[in-house]
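The values are calculated or read from the model by the stated rules, or taken from the named source; none is laboratory data. Remember, predicted model here, so these are calculated numbers, not experimental data. So basically every Cβ, Gly included, is an ideal-geometry build from the backbone, and we count neighbours across all protein chains shown.
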Amino acid sequence: MPDKSTKQDGASNKLWGGRFAGGPDAIMERINASIGFDKRMAAQDIAGSKAHAAMLAKQAIITAEDSAAIAGGLDAVADEIASGAFRFKTEHEDIHMNVEARLAELIGAPAGRLHTARSRNDQVATDFRLWTRDALDRLDEGLKALQEALIAQAERHADTILPGFTHLQSAQPVTFGHHLMAYVEMIGRDRGRAADGRRRLNESPLGAAALAGTPFPIDRQATAAALGFDRPTANSLDSVSDRDFAIEYLSTVAICAMHLSRLAEEIVIWTCDQFRFVRLSDGFTTGSSIMPQKRNPDAAELARAKTGRIFGHLIGLLTVMKGLSLTYAKDMQEDKEPVFDADDSISLCVAAMTGMIADMSVNKEAMRRAAENGFPTATDLADWLVRVLDLPFRQAHHVTGRIVRLAEEAGVGLADLPLETVRSVEPKITADVFSVLTVEASVASRMSHGGTAPVRVREAIAEARKRYL
Ligand code: ARG
C-alpha cells in the first residue's frame, strides 16, 4: 500500500472525500508525479529558465535585480543538483516545480516572477526538446566511434575472404572488409536520420505559454537563440502539443537498434564453434558457471535483445499520442520514460558493439576454409561460359549446374575437377576456365562500383573516412 499523503486529507475534499478517508490523494500524488524520471531534465530546465528570466528583464517585464537574483539562485540550484545535495520531492510533482520551489527557498520573492509569461506546457516542451537534442548528439558521437572501429577492422581485412551468404547458404565469396563496410553504410544512414531529426527538432516552443501565447511583450527569438534553437516554433497550439521530435528520435533509435541487432546476430554466428570466424576478446566474453570451456557472446545477445524494448518504446509513444485532441494533455507526461530508456539502451548497445568490433580477432583460415564450401565460384564459371564461349546466360547456368553435380558426386571443388570431366558437359570449355574458379579470382574480379574486390573495398574505406570520420 502506498503511504498516505501527509499534506492533504482526502476526507476534507468536499467532492468525493467522504468515502476515501485520506487514501486516494496519496495515490493521486503518485500517479501525478513525474519527478522520479523527469529529474533527468534538470540541466535543461535550468537553462530554459535562465534564458526566460534574462529575456523578461530585457523586455522590462521583470526588473534587472529580480532577473539577477533568479539567475544566481538557479545557478545555486544547479550546483546542489550536481553535488547530489538537492532533495527532489514528490509533492512538487515534477522537475519544473521542484526547481522553482527550491529557488523560492533560496532567493525568496523574486522567484515568484520567473513563471511570468510561460507555462509548464511550453516549459516541458522546451526542456524535452533540449534533452532529446543532447541525446541525438550523443548518439551521433557513439555511432561515429562504431564506424571508426568497423572501418579499422575493414582495412585490416580488405583481402580476407569468407563466404558471402544469401538465405544463410554460401552464395559467393566476399571479403570481410566489404562485409564490415556494409554496416558502416547502415550506421551512416542512422546518423543521417539523427541529423534530420535534430534539424526539425531545433525550434523553440518557449513563449507559447499554456497554449495560446501571452499578452506580455516577450521576445521568443531571443530565448530561442539563447538556447541554441534555430528559431521559435510557429504555432503556439502546436508548440505545446507536439511530440513528433520524441517519436522521430525513437524511430531513429529503433532503426539503428535493428541494424545493431543484425550485426549482433552475425557475431553470435561467427563466434559459434561451427563457424569460429571470429573470437571476441576476454573483455567482451562471459564464461559459464558450469561449462568451463564456454566463451559466450552475451553482449551481442543483449544488444540483439534490447532491440525489443526499443521497438516497444516507439509503439508505446505513438500509441500515447494517437487521438489526443489539441493541445496539452497529461497523457503527454508519459513521453519521457520511453525516450530515456531508449537512450540508455542504445547508448549501451552502441558502446558494446564498438568494443566487440574493435577488440575481436579474425580467424582468416576458418573463413577461407568455409569460403571453399558449397561451390562458391559456380557463378564465376557461368560468367566465364558467357564471356568466353558466348553462351546465353540461361544456358550457361544450366551447363554450370551439371558441372556442379559432377563435382558433388566426385566430392571435390570446381577447381579440382579434371578438364575432361568438365568437357563431358560442354566440349568447348578450355583449361582457361580454371583461372576463374578460385575464390581469390572470384573476389578480385568483382570490380563493379560497390563490389567486393579488395581494390574497391580500399576505395570505399578511403571514401568512408572522408565522409564519416
Ligand atoms: N510534468 C508535466 C509533463 O511532463 C509538466 C507539464 C504539466 N502541465 C500541466 N498543465 N499539468 O508533462
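Each row is one residue, and each column tells you yes or no for (1) within 24 Å of Phe375 (Cα to Cα); (2) over 33 Å from the mean Cα position of the chain (by Cα); (3) among the aromatic types (Phe, Trp, Tyr).
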{"position": "Arg423", "(1), (2), (3)": "yes, yes, no"}
{"position": "Lys428", "(1), (2), (3)": "yes, yes, no"}
{"position": "Thr438", "(1), (2), (3)": "yes, yes, no"}
{"position": "Ser448", "(1), (2), (3)": "yes, no, no"}
{"position": "Glu459", "(1), (2), (3)": "no, no, no"}
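Pairs meeting the criteria (first residue in the stretch 320-342 and closer than 15 Å to Asp242 by Cβ and assigned to a loop (DSSP other than H, G, I, E, B), second residue at pLDDT 95 or above and away from the ligand (no atom under 12 Å from the Cβ), beta carbons under 7 Å, at least 6 apart or on different chains) are Leu326/Leu237; Thr327/Leu237.
Which numbered condition in (1) away from the ligand (no atom under 12 Å from the Cβ); (2) crowded, with 17+ Cβ neighbours inside 10 Å; (3) closer than 18 Å to Leu56 by Cβ; (4) not basic (Lys, Arg) is the only one that Ala104 fails? Every condition holds for Ala104 apart from (2). In the stretch 81-100, the residue that is nearest to the ligand (Cβ to nearest atom) out of those that are exposed (fewer than 15 other Cβ atoms within 10 Å of the Cβ) and outside any loop (DSSP other than H, G, I, E, B) is Glu91. Is it the case that Phe393 is at negative phi, surrounded by fewer than 14 Cβ atoms within 10 Å (Cβ to Cβ) and aromatic (Phe, Trp, Tyr)? Judged against the criteria, Phe393 is a match. Out of curiosity, is Thr271 touching a strand residue (DSSP E or B) at 6+ places or on another chain (Cβ under 9 Å), without any contact (Cβ under 8 Å) to a residue 40 or more places away in the chain and either closer than 30 Å to Gly177 by Cα or more than 16 Å from the ligand (Cβ to nearest atom) (or both)? Considered against the rule, which asks whether it is touching a strand residue (DSSP E or B) at 6+ places or on another chain (Cβ under 9 Å), without any contact (Cβ under 8 Å) to a residue 40 or more places away in the chain and either closer than 30 Å to Gly177 by Cα or more than 16 Å from the ligand (Cβ to nearest atom) (or both), Thr271 comes out as yes. Those helices (runs of 4 or more DSSP H) of the stretch 1-61 in which at least 1 residues are more than 16 Å from the ligand (Cβ to nearest atom) and modelled with pLDDT under 95, considering only elements entirely within it, cover 23-32.
Would you mind stating whether Ser119 is more than 30 Å from Gly355 (Cβ to Cβ), within 16 Å of the ligand (Cβ to nearest atom) and either crowded, with 16+ Cβ neighbours inside 10 Å or not polar (S, T, N, Q) (or both)? Yes: the conditions hold for Ser119. Of the residues making up the stretch 441-451, those that are of a type in the set (Ser, Thr, Tyr) and either without any contact (Cβ under 8 Å) to a residue 60 or more places away in the chain or out of contact with any Pro (no Cβ under 8 Å at 6 or more places or on another chain) (or both) are Ser445, Ser448.
Whether a residue is over 30 Å from His179 (Cβ atoms) and of a type in the set (Val, Ile, Thr) was assessed, and Ile95 passes this test.
Mind listing whichever residues of the stretch 403-440 are surrounded by 12 or more Cβ atoms within 10 Å (Cβ to Cβ), over 20 Å from Pro163 (Cα atoms), free of Cβ contacts under 8 Å to residues at least 40 places away in the same chain and in contact with a helix residue (DSSP H, G or I) (Cβ under 7 Å, 6 or more places away or on another chain)? Selection gives Ile403, Leu406, Leu417, Leu419, Thr421, Val422, Val425.
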